[in-house]
Amino acid sequence: MEVQMSPEILHDFSPRLRVYKDGQIERLLKAHALPPSFDSATLVTSKDVEVSPGVSARIYRPVKFEPQKAKLPILIYIHGGAFCLYSASSSIYHNYLNSLVSLAGCIAVSVDYRLAPEHPMPVCYDDSMSVTQWVLSHSTGSGPEPWLNDRADFDQVFLAGDSAGANIVHDIVIRTDQSKSKRFAGIAMVHPFFGAGEPNGLWDYLYPGTTGVFDSRLNPAANPTKMRKEISACKKILVCVGGRDFLRDRGMTYYQVLREGQENGEWKGELELMESKGRNHVFHLYKPDCDEARDLLIRVADFISNSNSQDFDYQI
């Protein structure tokens, strides 16, 4: 009887990813996929749309606002997962977006970017930028998606993401053409990933062209003046950290760079900070019913729904 040999591991990035010598990729953290649907608990409906070949998004609309004529803020959401895990249809994100959209009273577009390592970085950045451009192409009311044409208020466009998704949000903002000094209404950075100050083997593997710990995408705060200048496309920023998050220090550094910019006049936006005491990285996705997760959900929803909008255009 022939003995079945286990495939030999080439790279072990536990608890996230294993890569085998035969080319097999094993994702160790998983969340089952949910289809778009009407959610009776939150009164939010969703559907999937193809933005371009290989790139899609899931759009959420709060049905409870249907009778009203007023248009709603729009949220472009980027999911986390170390650039190599999860999708817009993953249960933890689908359920979170249903709750957030219901509470904030907004329309959300959850980006389904292609994952590394099958699609090496910076593909995830470019896919997310492509979806952002697609969303903003509806600002004249003549885009291909009626939910955006009919219900979205393009004077109130927000970006939000968690972990790697927050990293991608920062990248989208700094790639926005600021030649006319037009700005996003706000960005919410939830437990952002900006490295941990030491070599990161997973990052290096997923992003073959990276310069490692010196990569500006990994650590934008390493050049504070440059970061504040680039982020000026955004007029309001919420930074959320977990008290026991292993990425807390870099999240706080990001916040401090912006705070110092406010004080010296280099950045003129509004800045908010929320720390969930005693909580770990993206705890709110895995324990959505705990008090701290509810507080975080409310804070992000309030950030979106309570902003004072001004007219602005988009040039990307």
For residue 183, are the conditions met, namely being touching a strand residue (DSSP E or B) at 6+ places or on another chain (Cβ under 7 Å), touching a residue at least 40 places away in the same chain (Cβ under 8 Å) and more than 21 Å from residue 249 (Cβ to Cβ)? yes
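If I filter the range 27-62 down to residues being acidic (Asp, Glu) and surrounded by 13 or more Cβ atoms within 10 Å (Cβ to Cβ), which single residue comes out as nearest to residue 86 (Cα to Cα)?
Per the criteria, the residue is 48.
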Checking residue 83 against (1) under 30 Å from residue 206 (Cα atoms); (2) surrounded by fewer than 24 Cβ atoms within 10 Å (Cβ to Cβ); (3) of a type in the set (Phe, Trp, Tyr), the condition it does not meet: (2)
With respect to residue 94, is the statement that it is under 30 Å from residue 201 (Cβ atoms), touching an Asp or Glu at 6+ places or on another chain (Cβ under 9 Å), buried (at least 23 other Cβ atoms within 10 Å of the Cβ) and assigned by TED's automatic domain parsing to the domain that holds residue 53 true? no
Would you tally the residues in the range 23-40 being touching a residue at least 60 places away in the same chain (Cβ under 8 Å), outside any strand (DSSP E or B) and touching a Lys or Arg at 6+ places or on another chain (Cβ under 8 Å)? 0
For the range 247-261, which positions are small (Gly, Ala, Ser), in contact with a strand residue (DSSP E or B) (Cβ under 7 Å, 6 or more places away or on another chain) and either without any contact (Cβ under 8 Å) to a residue 60 or more places away in the chain or not assigned by TED's automatic domain parsing to the domain that holds residue 195 (or both)? none
Complete set of residues in the range 177-215 that are under 19 Å from residue 230 (Cα atoms) and at pLDDT 95 or above: 186, 187, 188, 189, 192, 193, 194
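To keep it simple, each residue is scored yes or no on (1) free of Cβ contacts under 8 Å to residues at least 40 places away in the same chain; (2) over 24 Å from residue 176 (Cα atoms); (3) surrounded by fewer than 16 Cβ atoms within 10 Å (Cβ to Cβ); (4) aromatic (Phe, Trp, Tyr).
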position: 221; (1), (2), (3), (4): yes, no, no, no
position: 245; (1), (2), (3), (4): no, yes, no, no
position: 263; (1), (2), (3), (4): yes, yes, yes, no
position: 281; (1), (2), (3), (4): no, yes, no, no
position: 298; (1), (2), (3), (4): no, yes, yes, no
For the range 197-213, what are the residues that are buried (at least 16 other Cβ atoms within 10 Å of the Cβ) and either more than 21 Å from residue 114 (Cβ to Cβ) or among the acidic types (Asp, Glu) (or both)? 213
Answer yes or no: is there a residue in the range 82-104 that is touching a Pro at 6+ places or on another chain (Cβ under 9 Å), more than 16 Å from residue 160 (Cα to Cα) and part of a loop (DSSP other than H, G, I, E, B). yes
Within the range 34-52, work out how many residues are within 21 Å of the chain's Cα centre (by Cα) and not β-branched (Val, Ile, Thr). 8
Can you confirm whether residue 126 is surrounded by fewer than 24 Cβ atoms within 10 Å (Cβ to Cβ), part of a strand (DSSP E or B) and not β-branched (Val, Ile, Thr)? no
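The values are calculated or read from the model by the stated rules, or taken from the named source; none is laboratory data. Since the model is a prediction, treat every value here as computed from it, not as a measurement. Cβ: placed from backbone, ideal geometry, glycine included. Neighbour counts: every protein chain shown.
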